[in-house]
Amino acid sequence: KAGVTQTPRYLIKTRGQQVTLSCSPISGHRSVSWYQQTPGQGLQFLFEYFSETQRNKGNFPGRFSGRQFSNSRSEMNVSTLELGDSALYLCASSLGDGNYNSPLHFGNGTRLTVT
Amino acid sequence: QKEVEQNSGPLSVPEGAIASLNCTYSDRGSQSFFWYRQYSGKSPELIMFIYSNGDKEDGRFTAQLNKASQYVSLLIRDSQPSDSATYLCAVGNNDMRFGAGTRLTVKP
């Protein structure tokens with residue numbers, strides 16, 4: 001079974017620009033979560049999508065948005081980039097159903113650098 | 001108070017020893033608990049998950065959960081240099097929140 005695929009692996013953008021990151025989950029997984037990882041803050045939860053609906057959201061500004069398509073693929077968009085947005089963005093998929101959180105399976109991440 | 005707290009380490013143990021990693025969480029409604037391992041430059045990979053109070057063993061790894069104390073731990077027996085990594089505790093209640101991680105070094 002193919003794992004979680006994130007594209008692109010690396011991005012360099014300038015302040016004020018916007019960026020779109022893509023994530024293809026493991027086949028059969030309906031939940032996609034996005035995390036931002038920085039050395040100082042660790043893994044910070046951005047949002048989770050399940051069956052094309054945002055199910056949970058972290059404490060990030062509205063510049064961070066996402067969506068999920070009918071095939072469970074997800075995109076994350078960051079508008080008006082700031083230097084502090086430089087980070088590793090990780091996508092994780094899971095089955096997403098049931099009473100308990102199912103384990104997350106992470107992609108290799110997209111390394112975003114804002115200059 | 002952080003939602004999920006871990007000692008940042010570094011924790012250093014000799015090869016063959018038991019490594020003990022600890023995690024506390026603030027949300028009493030949390031139901032799902034996970035340990036992930038992250039090697040430098042890599043993404044997190046799942047080691048174990050536990051849902052019920054008590055111990056759960058998988059090979060050299062044992063996860064321990066005490067919901068009353070809001071505490072979860074990971075024991076690594078017979079530690080190997082290849083276990084050197086950052087270990088992330090994750091707690092689920094609707095979404096999944098991660099601790100900052102404990103850096104473990106196993107010295108040959």
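Of note:
- Look at the range A:92-113: where a residue is over 11 Å from A:Val32 (Cα atoms) and a partner is among the β-branched types (Val, Ile, Thr), sitting 6+ places away or on another chain with Cβ atoms under 6 Å, you get A:Thr113/A:Ile12.
- Note on the range B:17-34: among residues that are within 12 Å of chain A (Cβ to nearest Cβ) and of a type in the set (S, T, N, Q), the one that is farthest from B:Gly99 (Cα to Cα) is B:Gln31.
- Residue match in the range B:79-88 (condition: surrounded by 15 or more Cβ atoms within 10 Å (Cβ to Cβ), among the charged types (D, E, K, R) and over 27 Å from A:Leu46 (Cβ atoms)): yes
- Taking the range B:1-84 as the region of interest, the strands (runs of 3 or more DSSP E) fully inside it that hold 3 or more residues being without any contact (Cβ under 8 Å) to a residue 24 or more places away in the chain are B:45-50, B:54-58, B:61-66.
- Residues of the range B:85-108 classified as over 15 Å from B:Arg37 (Cβ atoms), assigned to a loop (DSSP other than H, G, I, E, B) and either within 12 Å of chain A (Cβ to nearest Cβ) or touching a Ser or Thr at 6+ places or on another chain (Cβ under 8 Å) (or both), total: 1
- In summary, strands (runs of 3 or more DSSP E) completely within the range A:47-115 and bearing 2 or more residues that are within 14 Å of chain B (Cβ to nearest Cβ) and surrounded by fewer than 19 Cβ atoms within 10 Å (Cβ to Cβ) occur at A:53-57.
- Residue among A:Gln18, A:Gln41 that alone is surrounded by fewer than 16 Cβ atoms within 10 Å (Cβ to Cβ), more than 13 Å from the chain's Cα centre (by Cα) and at pLDDT 95 or above: A:Gln18
- Boolean, B:Ala68 is away from every other protein chain (no Cβ under 14 Å) and farther than 17 Å from A:Tyr100 by Cβ: yes
- For the range A:50-89, a residue qualifies if it is aromatic (Phe, Trp, Tyr) and either over 14 Å from the mean Cα position of the chain (by Cα) or over 27 Å from B:Lys42 (Cβ atoms) (or both), and exactly one does: A:Phe69.
- Lone qualifier among B:Gln38, B:Gln70, B:Gln31 - being on the phi > 0 side of the Ramachandran plot and touching a Phe, Trp or Tyr at 6+ places or on another chain (Cβ under 8 Å): B:Gln70
- Condition broken by A:Thr38, with the remaining ones in (1) among the polar types (S, T, N, Q); (2) free of Cβ contacts under 8 Å to residues at least 12 places away in the same chain; (3) more than 9 Å from chain B (Cβ to nearest Cβ) satisfied: (2)
The values are calculated or read from the model by the stated rules, or taken from the named source; none is laboratory data. Since the structure is predicted, the reported quantities are computational estimates derived from the model, not experimental observations. Because the Cβ atoms are built from the backbone with ideal geometry, glycine has one as well, and the counts that use them run over all protein chains shown.
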